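*Asks:* Sending over a structure as structure tokens; questions will come in a sec.
The values are calculated or read from the model by the stated rules, or taken from the named source; none is laboratory data. Because the structure is predicted, anything quoted here is derived from the model rather than measured. Here the Cβ positions follow ideal geometry from the backbone for every residue, glycine too, while neighbour counts run over all protein chains shown.
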Amino acid sequence: MSQRQVLPVVPSRMTLTQVKARLQGARRGHALLKKKSDALTARFRAILREIVDKKQRAAELLRDASFRFVAVKYVVGDELKHIVQESVERAETRLRVRFDNVAGVSLPCYRCVSGSVSTGPVATSTIATAAAAAAVAVARNDGYAEDMRAAGPVQTGVASVAQYRGLGRGGQQIAACREAYNEALLALVELASLQTSYLILDEAIKVTNRRVNALENVLIPRLENTIAYILSELDEQEREEFFRLKLVQNRKKRELARTQAQELRARERRAAQALRAFDMNSFEQALEPDAANTPSILEQIAGADADLLPI
Amino acid sequence: MDMLTFNADNGYLEAVVRGLKASLLRRQDYTNLAQCESPEDMRTILNSSDYGLWLQNEPAPLQTQALYDCLMNRLVYDFRSIRGQSYAPLSTFLDYVTYPYMIDNLVLLLMGVLRNRDLSELLDKCHPLGLFEGIATLTAIHSPEELYREILVDTPLAPYFAECVNVHDLTEMNVEIIRNLLYKAYLTDFYQLCVERIGGMTGSIMATLIAFEADRRVINITLNSLETSLRKDERMMLFPRVPGGLDDEIIQRLGRADDLQAVAMALDLSSTYRALFQRAAERGEYSLEDQFLEFEMKLLRESFDAQFHYGVFYAYFRMLEQEIRNLTWIAECITQKQFAHASRVVPIL
Amino acid sequence: MQPNGAAPLNCLWRWVLPECWGPLGILFEQISPYWFAYVGVALAIGLSVLGAAWGIFITGSSLVGASIQAPRITSKNLVSVIFCEAVAIYGIIAAIVMATRIGYASVAESDPVTKFGGYALFAAGLVVGLSNLFCGLSVGVTGSSCALADAQDATIFVKLLIVEIFASALGLFGVIVGIIISSKATLGGDASAGR
């Protein structure tokens, strides 16, 4: 555990400064990412609320529209579907995509552009199909968004047809149905851009949060641990250094004591020789009071320390 | 003399059709159906009617489209069996009843040709009653000119096409206008068939029904072309005219009408349509079609009051169509949870 | 049997007399009363059967068609067919009654009684035949409508049956009159008991 949370560094003063700098950088990055994540989350919440509203509205509009289509079928008959499908020439409504920047995340913003101004009752079921396509796209948003970005202004397949549709029968119903579907389509496109933003934001927030968490829970602790490790290593080294100094001092003292004792012994020997020779001067030199006691104490310490530190 | 000779060829079929008409759903049935919670519930109610046989092979969660297909199959089956047993004037009459579907189908094919679609695909989408013998050969066609020629050779609609459109019109005219022109020619011809060639009771009954159909088209075309770029003379050209329909005066006024107000003023001269128009205005929201349907059903019901005429065949198939509309409406309302609207159907009997 | 040239008859009345018809009158004079009598019988049965048959196909075809959707009506509406059938039976009765009036030619054909018999049976045959023909048509049409109406509404049958009964009664009138007429007629030997 503690091994994993420590960077494999050589504990030294220099690495310490480096790691400290990295830690500082990580802290600043963490703060920034945290801020970004907060901003994204705020936007995310706002979109979420809006999506709930829009979804309900779109569902309502769609329900109304499909009901109107039923009314058309009631009056005109089921054959209308084929006839309308066959008479589709080109898309009447197209999508424009604009990108919105929120904290470095670009969000698509779809907008309906009607290709031609149509005057009479127009294809309804094709609108329905297009709306359905949009709805499907809303449902599985990711691919949709990709397509959008790739294609730029994309045609949704809403068609303008012969303007005299339903001349003989049911023109009013068809017109009403068409209007309802157009409205629903607008709501759907709005919803689609919200939903795409929602998913993109969701992803962005996840990434940001992962980064924040990674910084917070892995990188920063690891750096801190590394610093602690380096510090402790450095301390250890210092302590060892101190002890080593002490030992050297001790040895030096012992050396000194030994030389002194040898000197004493040499003096005693000289005194004894002098005694034998009755050389008064050298006798007095040998009988100096201090030199008699000290070597014995040093001998004792050296004996006790001998097994502790075999130097 | 209809009375004495009619039954020799048609008595059996007339009785069969009357029997079938008696088994159409009634107001009470619609009330019950409108109470249903799901299309499955509808099945349990419909099981006791003639549709039971048709619905029994449908897989369990009944879809609206499946229901519609079943009903349509039944209509086609009824029509074909009656057409198969009919003799000369009646069989011609019944062929005429299918011409509107045929017009729709041909217009669909025409659109396909103009858009370079694969016609064999479109053939599946054609209404089964509007198929005719040579229709399969039409799938090999690639240009409007060929289609025009094939139509003139192969279809019973050839006279109408020859009368209303020429080759260039096929590509240049709006298909909707072609459709309405054809329909106009068809109505006139149908009127002639009933009144002049068949005559008698059939003539007098069918004259009323066809005149109503023509009037309905006139009013609808007027209303639906108000906000389009259709010119006034073109509009007049599309109006089907049969004797016994709207007066010339009213037709002229409708042809000149610019807004709803003018239409209302023109219809004020006709007692029948004034009432319908006013009632529709009171009920609001596009109920003019409903009013027309209600009135049509009334006419169709009345046609059953007389015996020994072909009108009952026409009336029965129109009623069956209405029933299919009603049932799909209810099924759709139920599927879409619009229970409040489910009872808003035009009952037949 | 007006006395020939009894009085200057009213011009309006003159055409009734065969003698006044010129060549046509002579034609009638020359035709045997037996011919008239048998044609009368043939008319009686033939027209009656025509009426009955016509009525039955009018009723029958409707009945067959209507019974597909409402099988319950068949047994009740057989009454309509039986009414039509009854018309044929009237014809047969009348024809039999008339035929019994005709015997072997034992007297001269110019005998006024025989002549009377021939004309009488001819008239009776015409009366019975025509009335039964129209009766049959009438029963047929009402029977057909009755079958259709019964198929729509089961409660209505008994009321409609009365209409049919009245229609059917028409034929009976003809039969009664025909029998009365023919009862006066006597042709031929064995049947000459009335003389």
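*Asks:* Within the range B:153-201, track down each residue that is of a type in the set (Lys, Arg) and within 20 Å of B:Met237 (Cα to Cα).
*Replies:* Across the range B:153-201, the qualifying residues are B:Arg179, B:Lys184.
*Asks:* Taking the criterion of being touching a residue at least 40 places away in the same chain (Cβ under 8 Å), over 19 Å from C:Ala70 (Cβ atoms) and either assigned by TED's automatic domain parsing to the domain that holds B:Arg344 or assigned to a helix (DSSP H, G or I) (or both), would at least one residue in the range B:11-24 satisfy it?
*Replies:* Taking every residue of the range B:11-24 in turn, none turns out to be touching a residue at least 40 places away in the same chain (Cβ under 8 Å), over 19 Å from C:Ala70 (Cβ atoms) and either assigned by TED's automatic domain parsing to the domain that holds B:Arg344 or assigned to a helix (DSSP H, G or I) (or both).
*Asks:* Hey, another quick one. Regarding the range A:155-177, can at least one residue be identified that is more than 24 Å from A:Arg57 (Cα to Cα), modelled with pLDDT under 70 and part of a helix (DSSP H, G or I)?
*Replies:* There is no residue in the range A:155-177 that is more than 24 Å from A:Arg57 (Cα to Cα), modelled with pLDDT under 70 and part of a helix (DSSP H, G or I).
*Asks:* Ok, one more. When the residues of the range A:59-85 are narrowed to those that are of a type in the set (D, E, K, R) and under 53 Å from the mean Cα position of the chain (by Cα), which ends up modelled with the highest pLDDT?
*Replies:* A:Glu60
Per-residue answers, yes or no, for (1) part of a helix (DSSP H, G or I); (2) of a type in the set (Val, Ile, Thr):
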residue: C:Ser110; (1), (2): no, no
residue: C:Gly117; (1), (2): yes, no
residue: C:Ala124; (1), (2): yes, no
residue: C:Val127; (1), (2): yes, yes
residue: C:Leu133; (1), (2): yes, no
residue: C:Val139; (1), (2): yes, yes
residue: C:Ala151; (1), (2): yes, no
residue: C:Val158; (1), (2): yes, yes
residue: C:Ile162; (1), (2): yes, yes
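*Asks:* Something else now. Which of (1) surrounded by 11 or more Cβ atoms within 10 Å (Cβ to Cβ); (2) modelled with pLDDT of 85 or more does A:Glu241 not meet, given it meets every other one?
*Replies:* Among (1) surrounded by 11 or more Cβ atoms within 10 Å (Cβ to Cβ); (2) modelled with pLDDT of 85 or more, A:Glu241 violates only (1).
*Asks:* Still on this structure: Being at pLDDT 85 or above, assigned by TED's automatic domain parsing to the domain that holds B:Gly11 and among the hydrophobic types (A, V, I, L, M, F, W, C) is the requirement here; does B:Ala342 meet it?
*Replies:* Spelling it out, it is not the case that B:Ala342 is at pLDDT 85 or above, assigned by TED's automatic domain parsing to the domain that holds B:Gly11 and among the hydrophobic types (A, V, I, L, M, F, W, C).
*Asks:* Answer yes if at least one residue in the range C:143-157 is aliphatic (A, V, I, L, M), farther than 30 Å from B:Leu349 by Cα, at pLDDT below 95 and surrounded by fewer than 23 Cβ atoms within 10 Å (Cβ to Cβ), and no otherwise.
*Replies:* no
*Asks:* Right, something else. So, in the range C:19-66, exactly how many residues are closer than 28 Å to C:Tyr119 by Cβ, in a helix (DSSP H, G or I) and β-branched (Val, Ile, Thr)?
*Replies:* 5
*Asks:* How many residues are more than 10 Å from chain A (Cβ to nearest Cβ), over 19 Å from A:Gly170 (Cα atoms) and out of contact with any Ser or Thr (no Cβ under 7 Å at 6 or more places or on another chain) if we restrict to the range B:321-346?
*Replies:* 3
*Asks:* In this structure, does A:Glu224 turn out to be of a type outside the set (A, V, I, L, M) and touching a His at 6+ places or on another chain (Cβ under 9 Å)?
*Replies:* The answer is no for A:Glu224.
*Asks:* Oh, and also: Could you check, for the range C:43-64, whether at least one of its residues is more than 14 Å from chain B (Cβ to nearest Cβ) and free of Cβ contacts under 8 Å to residues at least 60 places away in the same chain?
*Replies:* Yes: one or more hits.
*Asks:* From (1) outside the structural domain of B:Val17 (by TED's automatic domain parsing); (2) touching a residue at least 24 places away in the same chain (Cβ under 8 Å), pick out the condition that doesn't hold for B:Phe79.
*Replies:* For B:Phe79, the failing item is (1).
*Asks:* Sticking with this structure for a sec: Against the conditions (1) among the hydroxyl-bearing types (Ser, Thr, Tyr); (2) at pLDDT 80 or above; (3) surrounded by fewer than 16 Cβ atoms within 10 Å (Cβ to Cβ), where does B:Thr137 fall short? Just the number, please.
*Replies:* Of everything listed in (1) among the hydroxyl-bearing types (Ser, Thr, Tyr); (2) at pLDDT 80 or above; (3) surrounded by fewer than 16 Cβ atoms within 10 Å (Cβ to Cβ), B:Thr137 misses just condition (2).
*Asks:* Name, by its number, the condition in (1) part of a helix (DSSP H, G or I); (2) in contact with a Phe, Trp or Tyr (Cβ under 8 Å, 6 or more places away or on another chain) that does not hold for C:Ile92.
*Replies:* Among (1) part of a helix (DSSP H, G or I); (2) in contact with a Phe, Trp or Tyr (Cβ under 8 Å, 6 or more places away or on another chain), C:Ile92 violates only (2).
*Asks:* Filtering the range A:42-56 down to residues that are surrounded by 15 or more Cβ atoms within 10 Å (Cβ to Cβ) and not hydrophobic (A, V, I, L, M, F, W, C), which residue is modelled with the lowest pLDDT?
*Replies:* Among them, the one singled out is A:Arg43.
*Asks:* Follow-up question, since we're still on this one. When you scan the range B:67-160 for helices (runs of 4 or more DSSP H) that lie fully inside it, which ones turn up with 1 or more residues that are away from chain A (no Cβ under 14 Å)?
*Replies:* Hits in the range B:67-160: B:88-114, B:144-154.
*Asks:* Mind counting the residues in the range C:68-78 that are at the interface with chain B (Cβ under 8 Å from one of its Cβ atoms), part of a helix (DSSP H, G or I) and either in contact with a Ser or Thr (Cβ under 7 Å, 6 or more places away or on another chain) or surrounded by 19 or more Cβ atoms within 10 Å (Cβ to Cβ) (or both)?
*Replies:* The qualifying residues number 1.
*Asks:* Within the range B:26-38, can one find any residue that is free of Cβ contacts under 8 Å to residues at least 12 places away in the same chain and farther than 18 Å from B:Val345 by Cβ?
*Replies:* No, every residue in the range B:26-38 fails to be free of Cβ contacts under 8 Å to residues at least 12 places away in the same chain and farther than 18 Å from B:Val345 by Cβ.
*Asks:* Return yes or no: is C:Phe116 of a type in the set (A, V, I, L, M, F, W, C), away from every other protein chain (no Cβ under 14 Å) and closer than 30 Å to B:Asp305 by Cα?
*Replies:* Answer is no for this residue.
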